[in-house]
Amino acid sequence: MIGWAYKYKELMDAFDQFEYYFDIRQKIETKVLENKLEKMIHNFASEKNIISANLANILNNSQSCFESLHDIKDKNVLKTKQLDFCLSCEACVAVCPVNAINMKLEKGQFLPEVNLGLCTNCGICLNVCPGIDLNPLNISKKETYLDYEKKEIKACYTTYSKNDLIRKNSTSGGVITTLIYELLKSKEYDGVFVLKFKNFHEKPVRLELI
């Protein structure tokens, strides 16, 4: 991640990724970036080998825990948490019609907590959940890893928004915020859910042009 690193340092540290961020306000030499990327690619290759060596055994032992969406349509997003598929995107929090879902930090990850007294088991949270749609048994049938280690790094770039207000109040140089703004402006999208947070305790909000 390249950008205003101090804004998301706490989050990066929580996931042990402190080696991979820079502060775009400081001069970054190409060689420094290349060294970091080479290390990242090496780590990725090592992890890929470990996963590949153990994948068959993992899938064999865990096959019984997977259910189809049809089987769980009347349940809530706690099923995602149970299967350890939660991506911490908070989409379920944003769409719950009765505000029964909140995110709680557990062992370094924000996971859904459902108020069963409020939950109506409408299934809307599962319909938007990207994690529950993931079936490792199907994914394992095809190659899913990008072969970064086989490719040559041609060049490294830093990118940031030309809008000073956006750049100052965004992470990663405000690139994503600028893209969202342009998509809304051109009416490609009519609204976007984004995570607005301070101290990691905020809920997703719908972003629209004013």
Seminar exercise, completed: Reported set for the stretch 29-64 where residues are of a type in the set (Ser, Thr, Tyr) and either at pLDDT below 70 or over 24 Å from the mean Cα position of the chain (by Cα) (or both) is THR30, SER62, SER64
Seminar exercise, completed: Checking PRO112, PRO130, PRO136 in turn, the sole residue that is at pLDDT below 85 and surrounded by 15 or more Cβ atoms within 10 Å (Cβ to Cβ) turns out to be PRO136
For this session: Tell me, please, whether a residue that is farther than 25 Å from SER88 by Cβ, surrounded by 12 or more Cβ atoms within 10 Å (Cβ to Cβ) and either at pLDDT 70 or above or touching an Asp or Glu at 6+ places or on another chain (Cβ under 8 Å) (or both) can be found in the stretch 166-182.
Result: yes
Exercise. Out of the stretch 89-108, which residues are surrounded by 15 or more Cβ atoms within 10 Å (Cβ to Cβ) and within 18 Å of the chain's Cα centre (by Cα)?
Worked result: CYS89, GLU90, ALA91, CYS92, VAL93, ALA94, VAL95, ASN102, MET103
Exercise. Quick one: is VAL93 under 30 Å from TYR160 (Cβ atoms), part of a helix (DSSP H, G or I) and modelled with pLDDT of 85 or more?
Worked result: yes
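The values are calculated or read from the model by the stated rules, or taken from the named source; none is laboratory data. This is a predicted model, so every value here is computed, not measured. Ideal geometry is used to build each Cβ from the backbone, glycine not excepted, and the neighbour counts take in all protein chains shown.
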